[in-house]
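The values are calculated or read from the model by the stated rules, or taken from the named source; none is laboratory data. Worth saying up front: this structure is predicted, and the values here are computed from it rather than measured. Every residue, glycine as well, gets a Cβ built from its backbone with ideal geometry; the counts of neighbours run over all protein chains shown.
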Amino acid sequence: MFDMNLSDLQTKLLRAARQAPPRDTVPYAFEKRIMHRLASAAPENPWAAWGSSLWRGALACMAVTILCAVWSYSGSRPAPVASTDFSQDLQSVVFASMGQPSEDAW
Amino acid sequence: MDPTDAELIAAVLAGDAARFEPLVVKYQPRVFATARRYARRESEVEDIVQEVFLKAFQKLATFRGDAPFEHWLMRLAVRTCYDFLRSHQRNREHAFTDLSPPEQDWLAQFGAAPDGADDRADAARQLVARVLEQLSAPARLVITLLEIEERSVKEIAELTGWSVPLVKVRAFRARAEMRKILAKIAKDQYL
């Protein structure tokens, strides 16, 4: 019983859905409700719009400032100095202990 | 003689908001029928239709008049319905064990003799409505537009704002998703 043909079932159910288009009836005076909503929509407050645009401008400025700070910090940091003379480095490491004062020296 | 859509729209854009009402009266049956394909509860349908007309009023200045106003409005309606489906995704989880007795009988009849199951029966309609409710938002939209309303892929692309290849991909996935749901129903019923 379980080996039902799902493709056929899908086709049949979709045909059933096609044969039952939804109603297009409209509730009584629905257009009045829409017009009332449109009329009662609060007129836009110019000060609120001004305030929100100021906030948006401030956020954009802050983002630009942070980006500039990151850029200038990464640009001004001195690059690590790579030693060019390996022999001198080796010499200074090997003889480093000789430059230190001995603990049992008087 | 009744004013044309273009005259009414021009009047609204000129500041006469009351001229929007004849547009609402003219097109609300189509918008209601569209909304009823995606929402079952009448309160949800009314909310969708209201949102469609409020958006239409707010965005009327963006209507360029290249295509009929009805096409522009239906695009808005379909996209609003899609937003509704996406926002109600969480409510999709239902068990199929609660199929009504007529739905179970119809399914049993189909299992025994597929040709004998009447696709005009109320039980078949209830069952397909139940299956559609289980689909993801894009799958439900594309199945409804492509398979039930029998629109072309190009029309669907225009209505939804998706590209033609994306519509095809989503249609393929939607059919697979629907078959998976049907398999689950069949399994729940017979195992």
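Tabulated data
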read-out: Residue within segment A:28-38 that is basic (Lys, Arg) and at pLDDT below 80 present; value: no
read-out: Residue match in segment B:168-177 (condition: within 28 Å of B:Phe69 (Cα to Cα) and within 10 Å of chain A (Cβ to nearest Cβ)); value: no
read-out: Qualifying residue in segment B:13-33 (condition: over 20 Å from A:Asp24 (Cβ atoms), away from chain A (no Cβ under 14 Å), surrounded by 12 or more Cβ atoms within 10 Å (Cβ to Cβ) and in contact with an Asp or Glu (Cβ under 9 Å, 6 or more places away or on another chain)); value: no
read-out: In segment A:26-41, the residues that are more than 7 Å from chain B (Cβ to nearest Cβ), under 14 Å from B:Glu46 (Cβ atoms) and either among the polar types (S, T, N, Q) or not in a helix (DSSP H, G or I) (or both); value: A:Tyr28, A:Ala29
read-out: Out of B:Ala67, B:Ala77, B:Ala112, sole residue that is more than 30 Å from A:His36 (Cβ to Cβ) and out of contact with any Leu (no Cβ under 6 Å at 6 or more places or on another chain); value: B:Ala112
read-out: Selection within segment B:110-126 - in a helix (DSSP H, G or I), over 20 Å from the mean Cα position of the chain (by Cα) and surrounded by fewer than 18 Cβ atoms within 10 Å (Cβ to Cβ); value: B:Ala112, B:Pro114, B:Asp115, B:Gly116
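Listed here are the residues, each with its yes/no results for (1) in contact with a Leu (Cβ under 9 Å, 6 or more places away or on another chain); (2) touching a residue at least 60 places away in the same chain (Cβ under 8 Å).
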{"site": "B:Met1", "(1), (2)": "no, no"}
{"site": "B:Thr4", "(1), (2)": "no, no"}
{"site": "B:Ile9", "(1), (2)": "yes, yes"}
{"site": "B:Ala14", "(1), (2)": "no, no"}
{"site": "B:Ala17", "(1), (2)": "yes, no"}
{"site": "B:Leu23", "(1), (2)": "yes, no"}
{"site": "B:Arg30", "(1), (2)": "yes, no"}
{"site": "B:Thr34", "(1), (2)": "no, no"}
